[in-house]
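Input: a single structure, listed below in structure tokens.
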Amino acid sequence: MQPVEALPVRGAQPIPLRARRGVGDFDSDHDRDLTSHPRRGQGDSSGSWRADVLGTGVIRTSARLVFENPSTAQRGPARLWAMTTSEVWGRQQAERYDANQAGMYAPEVLNPTVDFLADLAGTGAALEFAIGTGRVGVALTGRGVPVTGIELSGPMVAQLRQKVGEAELPVIIGDMATTTIDGEFALVYLVFNTISNLRTQAEQVECFRNAARHLSPGGRFVIELWVPPIRRLAPGQQIVAMDVSDGHASFDTYDLVTQQCISHHYDRDAEGTIRYGSGGFRYVWPSECDLMAMVAGLELESRYADWRRSPFTSESDSHVSVWRKPA
Ligand SMILES: C[S@@+](CC[C@H](N)C(=O)[O-])C[C@H]1O[C@@H](n2cnc3c(N)ncnc32)[C@H](O)[C@@H]1O
């Protein structure tokens, strides 16, 4: 996978979630940014751990970050404390995120999202996995719901911090599949297709488990996710064109055995320079999500096509699903 220079800017119109995938990428500065942020990890007896691999800071190996418990780093072979296959978002991408995703901030997109989540949170607290720059979390906080976030990218949180302080919206830097925080939540949510950023089934299952772990009895886990559009693949083909428009072209490539998808984006700027960006995902079906939820001890409560609770049908290209932890 190529390092990303640029991501598509789609303007202010809301466009299908499927077409808005592909926003995960690398920046050359991400290693430095990550190591500057302390981390807390699940089951860490020393109380904290930090990104530190083989004594050289964060390493990236084929898009994989490995975090090691520093207390064991000096002794013998490296012990892997936690790992993620997620691509890590760097400073440049973080700085561009809100402008690039302006359509996702449009009231007709964001308001129904926040209404839905505020309704489920009730008088309880919410935990957002992969909170990013706070698109949803900040708005939900503004509705009076106490929100805490978990986010892998320090630069994304730095952008969030320009909007809201730590006291109002605390964020832990860490992997949403493994990072735990104190407290119980009425609602855990993971929006904008981001479960797919975990690129193995095992990690996705862990993510469901981690959600369940943080829920109070009767609490809900909500996911917003695209339905894999592989029925658009012609027989024998692995490529689906997603968009060919002025200044932007994109296509997805699929590996049907491993459920991997790579979104490729080509952007042409005013000077005619074309920049390439890509993002890798593991696509997952609604039914597989239900199985993961079951493994995590959660029960499907409802599934909609969108945040306005439109019926989910065979034609839906995304879903908003709610699983409940038994009371
Ligand atoms: C598409 S953005 C969504 C951000 C925000 N939730 C929103 O709706 O605007 C995806 C975010 O997921 C984060 N992310 C990806 N993998 C992650 C992981 N394993 N743990 C925590 N955050 C992760 C990225 O750093 C990025 O901020």
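Rule-based calculations on the coordinates, nothing more; no lab input. Model, not experiment: these values are computed from the prediction. Every residue, glycine among them, receives a Cβ derived from its backbone with ideal geometry; neighbour counts consider all protein chains shown.
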Subject >> Subset of region 259-284 (residues that are surrounded by fewer than 13 Cβ atoms within 10 Å (Cβ to Cβ) and touching a residue at least 12 places away in the same chain (Cβ under 8 Å)) >> reply: D269
Original post:
Under the condition of being of a type in the set (A, V, I, L, M) and more than 12 Å from the ligand (Cβ to nearest atom), which residue from region 109-121 is surrounded by the fewest Cβ atoms within 10 Å (Cβ to Cβ)?
Top reply: A118
Original post:
In region 185-192, is there at least one residue being touching a His at 6+ places or on another chain (Cβ under 9 Å) and over 20 Å from C261 (Cα atoms)?
Top reply: yes
Original post:
When region 88-110 is examined, which residues are found to be outside any helix (DSSP H, G or I) and under 17 Å from T194 (Cα atoms)?
Top reply: V88, W89, G90, Q101
Subject >> Hits in region 122-165 - residues which are buried (at least 24 other Cβ atoms within 10 Å of the Cβ), more than 10 Å from the ligand (Cβ to nearest atom) and touching a residue at least 40 places away in the same chain (Cβ under 8 Å) >> reply: A126, L127
Original post:
Of all residues in region 163-198, which are more than 11 Å from the chain's Cα centre (by Cα) and among the hydroxyl-bearing types (S, T, Y)?
Top reply: T178, T179, T180
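For region 244-262, name all the residues that are more than 18 Å from Y283 (Cβ to Cβ) and charged (D, E, K, R). Can you show your working first?
Residues of region 244-262 that are more than 18 Å from Y283 (Cβ to Cβ), as a first pass: 244-249.
Across region 244-262, the qualifying residue is only D246.
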Subject >> Only one of A234, A211 that is of a type outside the set (V, I, T) and either touching a Gly at 6+ places or on another chain (Cβ under 8 Å) or part of a helix (DSSP H, G or I) (or both) >> reply: A211
**OP:** Collect the residues in region 112-121 that are over 17 Å from H214 (Cα atoms) and touching a residue at least 12 places away in the same chain (Cβ under 8 Å), keeping them in residue-number order.
**Re:** P112, T113, V114, D115, F116, A118
**OP:** Say whether the condition of being free of Cβ contacts under 8 Å to residues at least 24 places away in the same chain and in a loop (DSSP other than H, G, I, E, B) is met by at least one residue in region 285-303.
**Re:** no
